[in-house]
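Input: a single structure, listed below in structure tokens.
Please treat every number below as a calculation from the coordinates, not as lab data. All values derive from a computational prediction rather than experimental measurement. Note: ideal-geometry Cβ built from the backbone for every residue, glycine included; neighbour counts use all protein chains shown.
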Amino acid sequence: MIKTSIIILTRNEIDGVRVILNRLPKIRDSEIFAVDYDSQDGTVAYLRAHHIRVVRQSQKGRGEAFAIGAAKARGKYLLFFSPDGNEDPADIPRLITLLEKGNDLAIASRFMTGSRNEEDDEVFKFRAWANRAFTFFVHLFFGGHVSDTINGYRAIRRDVYKSLHLNTSGFAIEFQMTIRALKRGKKIAEIPTREGNRIGGQSTAYAIPTGLQFVLLLLREIFIGLNF
Ligand SMILES: Nc1nc2c(ncn2[C@@H]2O[C@H](COP(=O)(O)OP(=O)(O)O)[C@@H](O)[C@H]2O)c(=O)[nH]1
Ligand SMILES: [Mg+2]
């Protein structure tokens, strides 16, 4: 029986997968597969050569990738993993343990004591500040104590994922997941994570359009309340 589905998300992530793939810990009763959008750098061939099934997306977006991953997964738990260097594979078992302890959603937080985020060594931490601002509004409107409402490194019960009817296609998918889980009173727990730096390639989460998506999503979620 498959307990955990590890879903790898890639878009031109060859440098990352080369380094990270063999660092993934063996997880009992798990399946692993990748959802890829249009990689042109050999990511898909590399994954397949390492016996990882790859589902190719036809439409762009991390939210799209989450939806496809959740639809294909067979485990009771879904764990989303981005192999770009930001996420420490050693956190995988810790996230799963939180679900086994009865939590619905487990988040690797970049903003707890003991955490690190990618910008900690920089003077102007624009992304970190934006993250904290969005989390402030989540506390204000939806309550809870989540310290990192946005990080993509997380695990969730598959039945809970389905019940949230997430419908955003881009980078705001995790933000929507956190907000809707709070609205429904789901049990959310966090572990501190130490975010590494990107290994190669580049982020496609450009600040302005991504920030705008977050603002619109926040407003929409405030407006619709429990109607989803
Ligand atoms: N499957 C899939 N993965 C994506 C897509 N966009 C980004 N990713 C992956 O999601 C992860 C995070 O994306 P990135 O651009 O680094 O955003 P950042 O970490 O927020 O800077 C990386 O592993 C990307 O390869 C997409 O449209 N589809
Ligand atoms: Mg990243």
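The orientation-averaged shadow of the Cα convex hull for the range 139-178, equal to a quarter of the hull surface, comes to 3.2 nm².
Residue separation times 0.36 nm, minus the C-alpha to C-alpha distance between Ser58 and Ala45: what's the value?
Numbers: separation 13, 0.36 × 13 = 4.68 nm, distance 1.73 nm.
Result: 3.0 nm gained on full extension.
When you filter the chymotrypsin sites (Phe, Trp or Tyr not before Pro) in the range 126-210 for DSSP loop state and at most 12 other Cβ atoms inside 10 Å of their Cβ, you are left with Tyr206.
Sparse packing (at most 10 other Cβ atoms within 10 Å of the Cβ) combined with a DSSP loop state is found for none of the chymotrypsin sites (Phe, Trp or Tyr not before Pro) in the range 1-70.
Fully extended, how many nm does the chain gain between Ile222 and Asp120 (0.36 nm per residue separation, minus their Cα-Cα distance)?
On the way: separation 102, 0.36 × 102 = 36.72 nm, distance 3.09 nm.
Fully extending the segment from Ile222 to Asp120 adds 33.6 nm.
Expressed as a fraction of 2.2 N^0.38 Å, the value expected for a compact globular protein of N residues, the C-alpha radius of gyration of the chain is 0.95. Projecting the Cα positions of Leu79, Asn117, Ser203 onto the charge dipole of the chain (unit charges on Cβ atoms of Lys, Arg, Asp and Glu, taken about the Cα centre) puts Leu79 furthest along the positive direction. For the chain, complete DSSP H runs whose alpha carbons reach 20 Å or more along their own long axis and whose mean Kyte-Doolittle score is 0.5 or higher are 126-142, 207-224.
Can you tell me the dipole magnitude for the chain around its Cα centre, using point charges on the Cβ only (Lys, Arg +1; Asp, Glu -1), in Debye to the nearest 20?
Details: 33 positive and 25 negative charges, 180 e Å.
Roughly 860 debye, rounded to the nearest 20.
Can you give the % of DSSP beta bridges in the chain that are antiparallel, to the nearest 5? Approximately 25 percent, going by the DSSP bridge assignments.
Give me the percent of Cα-Cα pairs in the range 1-96 that sit more than 22 Å apart, rounded to a whole number. Write down the numbers at each step before the final one.
Numbers: 934 of 4560 pairs.
Roughly 20 percent, rounded to a whole number.
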